[in-house]
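The values are calculated or read from the model by the stated rules, or taken from the named source; none is laboratory data. Remember, predicted model here, so these are calculated numbers, not experimental data. Accessible surface areas use protein heavy atoms only, side chains included; no ligands, DNA or RNA. Shrake-Rupley method; radii C 1.70, N 1.55, O 1.52, S 1.80 Å.
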Amino acid sequence: GYGTSFTAISIEPSPGIFCELEKLVERKGWGPPEQEILRLNIGISDTVGHFEFEDPGNESGKLVNVVDGNTTNGQHKLPLMSFEEFKKISTCQVSKDHSKRQIVPTYTMDELVSSLEKIKEITSVNVKDEILLLKVDAEGHDEFVIKGAKNLLANKRIVFVLFEIKYNKQLLK
């Protein structure tokens, strides 16, 4: 059965929206990012790499480029995440110059979970734990997120996957 102890991991690639999430967390009085709710300003895809956002200071920012990655056979590797890197990507980092573009690292779900499990300061993510729910709302990028979780899915570590499907009459013809 499922107990009441769990860890939520909230991932938001848009720097502007991530900062709004941080403000909400602060108002609610939730703990630091390595406790309770792990909050990460990263993208999730089917390979590691980087996303580029334009005007990251506005409400949502706009994904304008996949710098390296977004291919199922991508060769780009980010280094294994350290606690220092975790802290950097779990704090609001929006540039005050809204004309600048901002680069956000992307991980696969497999790489992300593997990295988090190896950071000794994060005790809430355990190799033996199953992931009860993977909720994906990736604005059309859902397929790549799920492809990037192939090992977690194959090893039955994810119990439920919830994602959106856009209804399109043209696809049904």
Extension gain from SER82 to PHE163, taking 0.36 nm per residue of separation minus the Cα-Cα distance: 26.2 nm
At a probe radius of 1.4 Å, what is the per-residue accessible area of ARG101, in Å² to the nearest 10? 120 Å²
